[in-house]
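One structure is given below, encoded as C-alpha cells.
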Amino acid sequence: MDAKELTALKNKATELRIRVVDMIWKAQSGHPGGSLSVADFMTACYFKYMNVDPAKPRWADRDRFVLSKGHVCPAQYAALAMKGFFPMEVLDTLRKEGSPLQGHPSMNKCPGIDISTGSLGQGLACAVGMALAAKLDSKEYRVFSAVGDGECNEGEIWEACGTAHKYKLDNLVVFVDWNGLQLDGTCEEIMPPVSLAKKFEAFGFEVYEIDGNDMAQVVEAMDKALAAKNGLPKCIVGKTVKGKGVSFMENQVGWHGVAPNDEQYKQAMEELNALYIKEEA
Amino acid sequence: METKKIPTRNGFGEAIVELGKENRDILVVDIDIGKSCKTGDFRKQLPEQYLNVGIAEQNGAGVAAGLATCGKIPFVVTYAAFGSMRICEMIRQEIAYPKLNVKIACSHGGVTPANDGASHQAIEDMGILRTIPNMTVVMPADFASAKALVKAAAAWEGPVYLRFTRDAVPVIYGEGESFEIGKAKQLREGKDVAILANGDTVCLALQAAETLAAEGIEARVLDVHTIKPLDEAAVNACIGEIGKLITVEDHNILNGLGSAVAEIIAERGEGKMKRIGIQDQFGQSAPYERLLEMNGITVENIVVQAKTLLK
C-alpha cells in the first residue's frame, strides 16, 4: 500500500471517530471508549478489505463483519453510513425510539449488520458459523470479527476458537481489541488476560501482535492474514488505547459507557479534527 | 395385546436423515451426545452436513445462528436440560431475537432420562422457551408424530424447540398421519370433559378416557404437541363446548401446557380446569413410571381429577 492510500485510510479512521463521538453526544448515551479503540480495525475492514455492496446488504457472497463486542456499535454504524448503507442523518437517531441504530446491533433493523450482538462472548461463535457456511458451500467470502479483551473472560469465546480450528477456518479474521480496560476496571485488576496472543495460538490460530491503532500495522497484519490460505484461523491481537484520539477519554475506565457533555464534545471535536492529515501537494 | 413402544428420539433420528437427503442445507450440529440423540445415521450417511462442536453447547447455538444467516437450516442436537437452560440466553440473543432458522432438537425431555436423575431431567424447559418471543415449542407424543413434526419444524421459517423422549413411549399414530405446528390433534371426541396432553403423557390421557368411558363419562382428548403457538381455537372450543379441562404434561406445572391453557381460561373468565404435571420439585434416579407416579401423572389421577371436575 502506498503512502497516499495509507493517509486516506487514516483520515477515514479520523472521520469515523468524529462520527462516533458526534452520535454518542447527540444520543447522550453509548460507549465511546471501545468504539474509539476499535476504530482503526473497523475502518480497515470497511474501506480496504471487505467485499460488500451497500445496495444489496444481504448479498449472499458478501464478506461478513461480526461485532462480538456489540456495545461499540457506534463504530460500525459510522462505517456503514460512510459506506452508504444508509443516509448519514440516520446516525443522529442512535438509541432513539424506532431507530434502526439500536443500543446494540440488530440485524433485522439495520442494513449491513450481519448478526445481532450485544451479549458478550456470543458473536465469535456466530462468526465461526458464517465462516463454516462459506467452507461448506465452497464460497470465497471472508468473515471479520472484533472481540473485546474483557469479552475474552467469557468461556464461549474459547469454545468458538476450538471450532474455528477444527474446521480449518482460514477465512476467519478475529481482531482482539486489547485496550486493557473493561467496565469495572483494568483487565489486569478484573481478570488478568495473561497473554491473549498465546491463548489464541494455543487454540490453533495464526496470531499477529500489533499496535491496533497504527493503521500501517493493521494493514500489514490484515494482508498477511488474508494471504495465508493455510487452514488456520487468524487472530490479530491489537494493543489499543481505549478512547483513542480524545485526550481526556484515553485510558480512562470512566469513559466506557458515558456520553460527553457539550463542553467535552467541543474539545473532542477540536482534537479529532486536528488528526486529519493534509494531503501532500 | 402389548402396545408397541419406541422412544421419540428415534423418530427424530429417522426424520433428520430423510430431511438431510432432500435438502443439503439441513445440517446437524452435534454437541458430543449425538449417539444418544440418534444422529448416528445422519453422521454416517451425510458426513458433509454433519458438524460436531464438542461439549460446548453455547458455541453450538452461536455457530448454528451464524450458519442460519448464510441460508443453512441447522439442528442443534442435545439434551433438553442443556438445549434450553444451558444455552437459554444464546437462544434468546442469537437465534430468537434475530428470528433465525435454527432448530433446537432435544432428547431426554421431562423425566424420561429417569435413571440419570435430576441433573438430566428437564422439567422447566418448555416453559422457559415459551416466554421467549419468536420461539415455537413442540413436543411430539410418539414415534410417527415425532417424525412428522421434525419435518414440519424444518419447513417452519424460524426457530423451533423440539423435545423428545429418551425412553420408549407407546405408538399412537400411524406413519403418514399429518401434523401441523400450532394445531392440536383431536384423538377422541367427548362432551363431558376435555383432556389436553402432550408428549409422553398423551398415551395416559387416552387410557384415562377409556376408563372414564367405561363409567359413562365421555372425554375429548387433544394432543397439544405445540404449546407455542398454542392452538387457542382448540382450547376455546373445549372451554365453550365442554367447560371442564384437564391438562397433563411431563413438565413442571408452572409455565408449561397447563399454564398456557390456564391463561386462556383466566382471561375468558369461564371454564374450570385441573393441571397435572411435575409438582414443582426436582426428580431423582428412579424408574420412569415411578417418577410420574410421584407427581400424580397417572391414568388413575387423570380419572380422579375428571370426576372432581364433574362433581
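Just so you know, all these numbers are worked out from the coordinates, no wet-lab data involved. From a predicted model like this one, the values you see are computed outputs, not experimental measurements. Counting neighbours? That spans all protein chains shown, and the Cβs are built from the backbone with ideal geometry, glycine included.
Assorted remarks:
- Taking the DSSP beta bridges with both ends in chain A, the antiparallel portion is around 10 percent.
- C-alpha long axis of helix B:299-310 to longest principal axis of chain B, angle in °: 50
- Pairs over the 21 Å Cα-Cα cut-off, from the set A:LYS83/A:LYS239; A:LYS69/B:LYS103; B:LYS244/B:LYS311; A:LYS48/A:LYS224; A:LYS168/A:LYS229: A:LYS83/A:LYS239; A:LYS69/B:LYS103.
- Calculated FRET value between A:MET269 and A:ASN153, using beta carbons and R₀ = 30 Å, to 0.05: 0.35
- Take B:131-137, B:117-123, B:163-169 and order them by the average number of nearby Cβ atoms within 10 Å per residue, most first; the result is B:163-169, B:117-123, B:131-137.
- Distance cut-off 17 Å, percentage of C-alpha pairs in segment B:185-310 lying past it: 51
- Whole-number D in µm²/s for the protein assembly as shown (Stokes-Einstein; Kirkwood sum over Cα pairs; 4 °C, 1.567 mPa s): 50
- Most mobile listed residue (A:PRO233, A:PRO54, A:PRO87) in chain A, GNM with C-alpha springs under 10 Å: A:PRO87
- B:SER119 paired with A:ASN251, simple spin-label distance in nm, labels 7 Å along Cα-to-beta-carbon: 4.7
- Using alpha-carbon coordinates, inclination of helix A:123-136 to the longest axis of chain A, degrees: 50
- Between segment B:110-174 and segment B:261-284, the alpha-carbon center distance in angstrom: 19
- Under 15 Å, Cβ to Cβ, from A:GLN264 - net charge with Lys/Arg +1 and Asp/Glu -1: -3
- In plain terms, if you count all Cα to Cα distances in segment B:54-189 and split them into 10 Å steps from zero, the share in each step is 13, 43, 34, 10, 0 percent.
- In summary, the lysines within cross-link reach of A:LYS266, defined as a Cα separation below 24 angstrom excluding same-chain residues under 8 places away, comprise A:LYS10, A:LYS12, A:LYS26, A:LYS96, A:LYS242, A:LYS244, A:LYS278.
- Counted charge near B:GLY182, where neighbours are those whose Cβ lies closer than 12 Å (Asp, Glu -1; Lys, Arg +1): 0
- Debye intensity ratio I(q)/I(0), log10, chain A, q values 0.11, 0.16 Å⁻¹ (C-alpha model): -0.57, -1.27
- Applying the criteria of a DSSP loop state and at most 15 other Cβ atoms within 10 Å to the chymotrypsin sites (Phe, Trp or Tyr not before Pro) of segment A:30-88 yields A:TRP59.
- Annotation: the antiparallel percentage among DSSP beta bridges lying fully within segment B:185-310 is about 15.
- Helix B:202-214 vs. chain B, principal-axis angle (Cα, 0 to 90°, nearest 10): 20
- Exposed loop positions in chain B were taken to be GluC sites (Glu not before Pro) whose DSSP state is not H, G, I, E or B and which have at most 13 other beta-carbon atoms within 10 angstrom. Between these positions, the longest stretch is B:3-156.
- When chain B is treated as a GNM with alpha-carbon contacts under 10 Å, the residue of B:ALA96, B:ALA237, B:ALA61 showing the greatest mean-square fluctuation is B:ALA237.
- Estimated from helical segments only, the mean residue ellipticity of the protein assembly as shown at 222 nm is -11000 deg cm²/dmol, where each DSSP H run of four or more residues counts as -39500 (n - 2.57).
- Charge context of A:VAL241, other residues only, Cβ under 14 angstrom, K/R +1, D/E -1: -3
- Taking the DSSP beta bridges with both ends in segment B:5-170, the antiparallel portion is around 15 percent.
- Here the Kirkwood formula puts the hydrodynamic radius of segment A:125-237 at 14.3 Å, using every distinct Cα pair.
- Anchor B:LYS183: aspartates and glutamates whose Cα lies under 15 Å away (excluding residues fewer than 8 positions away in-chain): B:ASP223, B:ASP231, B:GLU232
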